[in-house]
Amino acid sequence: MKARMNSMDRLRLLFEEQINVMPIAENLLLLDQSNFREEMKKRNFHSAIVKVDGTWMKFDEGDEAPSPLQEEDWMEADTPLLIAFRMLIQKRRYFIKDEEGNPAYIVTRTDLDKIPLRIGFFGLISLFETHLKDLIRKQLPHWEESITENRLGQARNLYEWKKARGEEIDLVQCLQFGDLGSVFSKKQRFRKFEPDFSRDNWVDMMNKIGRLRDELAHSQSHLGFTWEEIDRMIIFIRGVIDREDPVFEG
């Protein structure tokens, strides 16, 4: 019997597979051999597809002349957005074909800063947060001992406030992102996720993810990290979520 998907599975499917690259792609303006350099300069294009003697060819800023399109120049229109993100870290631009197989769209590294990808990042971080809270509920009945009295008091205050509003919630749900880092730092529980991590590695990674989460939540124009740094955070998050439920001590 096929296992029933839970809410985490459905959310992960949404962020990792069901949102594809097309929301960040731009319509491709096809240029002609006679004036493509002038058009590119006027429109501030760094890449283009140019018709040369009846054949579509590619031209990137700095090339001496148009050259044949290669398989690696194309991205499939149904490429999941987070996979497209990783591809664009490795290569600055891709072209995308329409349903008839004609060049129709372009996606570049510049497009990585658009809203759909920010939503994808924030969604994945939220899944990570939910995953850690679920592990605390299932395996760490005495988790309160792992955070300071001040932080525990803040969580309890938030819990009472939400409960007074009629929300169905538990105390774990009221933990802040930094509290989760503290819980899994205690007794070096983080080693169940990353055996080679030191406490400093864990704290640094959790601080970075927390900062990125805050920047995304406040719609900052600059996220404060390189795309490569964000990619490392995503790899880390997916690695933690993908692990079989680890067993923690107390």
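The values are calculated or read from the model by the stated rules, or taken from the named source; none is laboratory data. Everything quoted here is computed from the prediction, not taken from an experiment. FYI the Cβ positions are ideal-geometry reconstructions off the backbone, even for glycines, and counts take in every protein chain you see. With ligands, DNA and RNA removed, areas are computed over all heavy atoms of the protein, side chains included. Shrake-Rupley method; radii C 1.70, N 1.55, O 1.52, S 1.80 Å.
Okay, residues lined up against (1) of a type in the set (Asp, Glu); (2) within 23 Å of residue 208 (Cα to Cα); (3) in contact with a Cys (Cβ under 6 Å, 6 or more places away or on another chain):
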{"residue": "113", "(1), (2), (3)": "yes, yes, no"}
{"residue": "119", "(1), (2), (3)": "no, yes, no"}
{"residue": "123", "(1), (2), (3)": "no, yes, no"}
{"residue": "129", "(1), (2), (3)": "yes, yes, no"}
{"residue": "132", "(1), (2), (3)": "no, yes, no"}
{"residue": "138", "(1), (2), (3)": "no, no, no"}
{"residue": "142", "(1), (2), (3)": "no, no, no"}
{"residue": "145", "(1), (2), (3)": "yes, no, no"}
{"residue": "151", "(1), (2), (3)": "no, yes, no"}
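Within segment 10-46, can you find the residues that are in a helix (DSSP H, G or I) and under 28 Å from residue 239 (Cβ atoms)?
If the condition is that a residue be in a helix (DSSP H, G or I) and under 28 Å from residue 239 (Cβ atoms), then 10, 11, 12, 13, 14, 15, 16, 17, 18, 22, 23, 24 are the ones that fit.
When the residues of segment 171-186 are filtered to those that are within 14 Å of residue 154 (Cβ to Cβ) and in a helix (DSSP H, G or I), which remaining residue is nearest to the chain's Cα centre (by Cα)?
This residue is 177.
All but one of (1) open to solvent by less than 20 Å² (accessible area, probe 1.4 Å); (2) basic (Lys, Arg); (3) touching a helix residue (DSSP H, G or I) at 6+ places or on another chain (Cβ under 6 Å) hold for residue 93; which doesn't?
(3)
Right, residue 168: open to solvent by 40 Å² or more (accessible area, probe 1.4 Å) and assigned to a helix (DSSP H, G or I) or not?
no
Pick out the one residue from 196, 204 that is assigned to a helix (DSSP H, G or I) and not hydroxyl-bearing (Ser, Thr, Tyr).
204
Which residues, taken from segment 224-250, are β-branched (Val, Ile, Thr) and assigned to a helix (DSSP H, G or I)?
230, 234, 235, 237, 240, 241
Does residue 151 satisfy the condition of being modelled with pLDDT of 90 or more, within 11 Å of the chain's Cα centre (by Cα) and more than 13 Å from residue 184 (Cα to Cα)?
Considered against the rule, which asks whether it is modelled with pLDDT of 90 or more, within 11 Å of the chain's Cα centre (by Cα) and more than 13 Å from residue 184 (Cα to Cα), residue 151 comes out as no.
Of all residues being small (Gly, Ala, Ser) and assigned to a loop (DSSP other than H, G, I, E, B) in segment 47-87, which is surrounded by the most Cβ atoms within 10 Å (Cβ to Cβ)? Just the residue, please.
My answer is 77.
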